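Everything on this sheet refers to the single structure shown next.
Laboratory data are not the source of any read-out in this text; all were calculated from the coordinates shown. Keep in mind the model is a prediction, meaning the values are calculated, not measured. Here the Cβ positions follow ideal geometry from the backbone for every residue, glycine too, while neighbour counts run over all protein chains shown.
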Amino acid sequence: MEKQPLLNKEPPATSPTKADSAPKAPDKTRYGTLLFVNIVTCLWTLAQHLHSPVVTQYLYVRVKEEVYPNGTEPEKHNVTCFQNSSTEGFKLQEKAQQVTNAMQMQFSLSKTGCELVVNLLLGSFSDYVGRRVLFMVPTIGYFCKNMILTSIIFWNLDLKFYYVGEILEGMTGGLSLFKIACYACVSDNTPAKGVRTLGMIAVDVTIAVTDASISSVTGVFIQNTGFFYPSLASALMTVVVMVTIMCILSDNVKRKGASCVNFLTGLKHVVSPFVSEGSKRRKALFWLGITSYSIFTLSGSTGDIGSLWQLNYPLCWSSEMIGYYSMASTMFNQVLSIPLARLLQSCVSDPVIAVWSCVVTIASNVLQAFSYTNWMMYGVAIVGSLSVSVGGIIRSVLSQMTPPDRQGSLMASFSVIGIVSVVLGEPMFSFIYRSTVLVMRGASFLVSAGGHLLSTVIIIVFAVLSSGKNKQEVTSSSTPQIPEEEGVPARRHVQGSE
């Protein structure tokens with residue numbers, strides 16, 4: 001155990017060391033920065049959720065134009081659909097779903113390779129170069145992708161041009177890199193306990209609420225104006241995001257006086273909590289946390305099969321109806337999310353809250369798998385409203401076990417796991433949907449529920465290991481030594497010191 005004189009021994013103020021230049025965890029919450037994070041998150045989400053429904057529904061329309069012979073297509077796109085399975089139109093309708101789903105999967109996979117490397121690189125470097133880079137780079141890439149889609153719609157170009165937009169987004173990190181910036185900023189500006197979990201959840205709530213708010217508007221927008229103007233509006237919104245970041249964000253969280261790490265050092269910072277830092281129990285907790293996160297994310301990476309399922313038999317919803325449902329169900333959940341999390345925090349630990357949310361998610365998936373009426377889908381929304389962001393809780397719990405100068409590296413590891421989960425999950429659920437759409441449409445949701453069940457079991461093990469008599473050991477090993485730099489002896493970081 002270290003003695004007090006060692007902790008108080010500091011180098012002279014006239015000769016600061018690089019170890020001392022590492023950022024410290026704040027003693028109190030910096031609400032102004034948290035507000036900024038949620039503002040830019042809201043603006044980015046507006047752009048994204050104007051773009052995503054346009055892609056899905058525009059692809060479906062273009063595919064149907066190629067699949068349906070003259071005279072067999074329903075009168076209005078996405079408004080009526082064939083319900084008699086014995087008709088030729090019904091079979092062509094199923095084929096159009098399968099082709100659209102396959103194209104979406106190919107577009108998604110085309111960007112993920114570059115996205116994986118960029119997130120790992122810039123995420124780990126952000127502890128040295130600051131957070132502004134993490135905000136700006138993906139925003140520029142997303143603007144380019146939006147403009148490419150807008151051009152395809154306006155000039156009716158070949159859909160293969162959209163691959164260019166996906167690859168550009170991958171090369172600039174995409175949404176995953178933008179989220180790293182948001183979560184790292186939350187970690188930089190909150191104390192380790194309590195508020196940090198709510199801050200992580202707040203980012204997820206902002207994304208979900210903005211998505212819900214724009215969903216119905218997007219549906220009406222598409223139905224009344226077509227696809228061009230919503231796509232153009234999405235591109236213009238990314239410009240607003242860029243201007244906001246440049247004018248407001250003060251980049252004061254980078255490690256002053258430290259030279260930028262190379263790629264191998266950055267990679268080491270990402271993996272070190274899992275292989276080399278802290279006690280065996282602490283490393284086991286990191287592995288359990290990241291494994292539960294990866295399985296939960298994998299199980300939720302169903303892509304757009306929910307929208308395709310709602311567009312067709314047995315629901316046959318219009319794009320406007322899908323928008324209204326998405327808005328109502330998401331708003332209902334997110335309005336309760338932070339108050340529910342705060343209430344549960346007063347009674348149980350964060351890992352137990354994650355277990356509760358996993359169980360609720362499982363129940364929601366099972367109910368959706370067997371839903372065939374509008375009222376049953378409303379039940380899915382009610383059950384789902386009782387969950388809290390599992391990803392946000394796991395990020396916060398592991399963030400509390402990580403020193404302040406490694407927050408960007410930790411969020412990069414979450415981002416990499418999230419990308420890999422999407423790469424594996426979307427093709428898997430796409431294959432399951434295509435294989436079962438004529439037999440059991442809800443099979444994909446049952447598989448998702450099974451994955452969430454496995455994640456629940458892992459989180460329970462995490463909660464047991466991190467509670468009671470084990471808690472002190474985990475906390476005492478949660479502040480690994482800052483590595484030696486240029487001959488400066490390593491010294492232990494003191495959480496919350498200034």
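Where does each of Y229, Y183 land when they are ranked from fewest to most other beta-carbon atoms within 10 angstrom?
Exposure proxy ranking, most exposed first: Y229, Y183.
Compute the Cα gyration tensor for the stretch 181-248, then decide on rounded, prolate or oblate, letting a ≥ b ≥ c be the square roots of its eigenvalues: rounded whenever a/c is under 1.5, prolate when a/b is larger than b/c in the other cases, and oblate in all that remain.
oblate
Counting pairs of Cα atoms in the stretch 374-474, how many percent are more than 15 Å apart?
76 percent
Could you work out, for the stretch 91-208, what percent of all Cα-Cα pairs fall into each 10 Å distance bin, beginning at 0 Å and stopping at the bin that holds the largest distance?
In order of increasing distance, the bins hold 13, 32, 30, 17, 7, 1 percent.
Given a cut-off of 25 Å, name the pairs among K111/K179; K111/K283; K145/K268; K64/K179; K95/K160 whose C-alpha atoms lie farther apart than that in the structure shown.
Those over the limit are K111/K283; K145/K268; K64/K179.
What's the Kirkwood radius of the stretch 303-405 in Å, using all Cα pairs?
This gives a value of 15.2 Å.
Can you compute the radius of gyration and Dmax for the stretch 151-224, using only the Cα atoms, both in Å?
17.7, 53
What's the FRET efficiency of T225 with L109 using the Cβ-Cβ distance as r and R₀ = 22 Å, to the nearest 0.05?
After rounding to 0.05, the efficiency reads 0.10.
Find how many whole Å separate the alpha carbon centroid of the stretch 201-225 from the alpha carbon centroid of the stretch 315-386.
16 Å
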